[in-house]
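Worksheet: the structure to be examined is printed underneath.
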Amino acid sequence: MNKAWLLILPLLVGSTAFGLTLATDGKPQVDIIVAAEANLAEQQAATELGDYLTRIIGAPVAVVKPGEATLMSAHVYVGPTGPAIRAGLLPDKLGPEEWVIRAAGRDLIVTGGRPRGTLYAVYHLLEDVLGVYWWNPWEETVPAARTLELKLTELRGQP
């Protein structure tokens, strides 16, 4: 059975909708680009996002550095990548655990302050948007969705 999940988040007042197709019929439509100068927490964030998207979709989602991008039509940028910096999302301008998930054209920026803001951003994306839940260190719920589309403009927060 081919289930399509449409995940809709409240839009910010005065903003336009953003739609990003992460997968269609079990085929990834994005890759994950981790910042070239990513710290260990940001590298872990990109790896975790790739692992869980792979499990949700049922097909591998590539995690690459800038310049190694695959031929995907859209990208998820993790950490202080070029698109995050151009959007004014500089790690030193964000709190150490502040996180941001923001639409950027056809792409998605997932970033935060240092040292762990980006890791929190990925966990919020996975749990609050994609429906992954960790019940304890040994039990989790990971949904399956062969077709996966996000509709959001921006989410942000800090512990």
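The values are calculated or read from the model by the stated rules, or taken from the named source; none is laboratory data. Just so it is clear, the structure is predicted and the values come from calculations on it, not from any experiment. No Cβ is skipped: glycine too gets one built from the backbone with ideal geometry, and neighbour counts run over all protein chains shown. Surface accessibility is based on the protein's heavy atoms, side chains included, excluding ligands, DNA and RNA. Shrake-Rupley method; radii C 1.70, N 1.55, O 1.52, S 1.80 Å.
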Practice problem: Across the chain, how many lysine pairs, 8 or more positions apart or on different chains, have C-alpha atoms separated by under 22 Å? Please give the number. | Solution: 4
Practice problem: Between Gly131, Gly113, Gly67, find the one with the highest GNM mean-square fluctuation for the chain; connect C-alpha pairs within less than 10 Å. | Solution: Gly67
Self-check item: Mean separation of Cα contacts under 8 Å, 6 or more apart, over the residue count of segment 36-110: relative contact order %
Solution: 28
Quiz prompt | Length gained when the stretch Arg86-Thr141 is fully extended (0.36 nm per residue, less Cα-Cα span) | solution = 16.3 nm
Self-check item: the chain, dipole about Cα centre (Lys/Arg Cβ +1, Asp/Glu Cβ -1), debye to the nearest 20
Solution: 360
Quiz item: What figure in square angstrom, to the nearest 10, would you give for the accessible area of Asp25 with a 1.4 Å probe?
Solution: 80
Quiz item: Tyr133 to Ala36: FRET efficiency via 1/(1 + (r/R0)^6), r the Cβ-Cβ distance, R0 41 Å, to the nearest 0.05?
Solution: 0.80
Quiz prompt | Relative contact order (%) - criterion: Cα under 8 Å, at least six apart; region: the chain | solution = 34
Quiz prompt | Estimated 222 nm signal from helices in the chain, with DSSP H stretches of n ≥ 4 weighted -39500 (n - 2.57), rounded to 500 | solution = -6000 deg cm²/dmol
Quiz item: What is the spin-label model distance, in nm, from Ser73 to Asp51 if the labels are put 7 Å beyond Cα along the C-beta direction?
Solution: 3.1
Quiz item: What angle do you read, to the nearest 10 degrees and between 0 and 90, between the alpha-carbon axis of helix 40-57 and the longest principal axis of the chain?
Solution: 20
Exercise. Restricting to the chain, compute how many DSSP beta bridges are antiparallel as a %, nearest 5.
Key: 55
Self-check item: Kirkwood hydrodynamic radius over Cα pairs of the chain, then Stokes diffusion coefficient at 37 °C and 0.692 mPa s, in µm²/s
Solution: 212
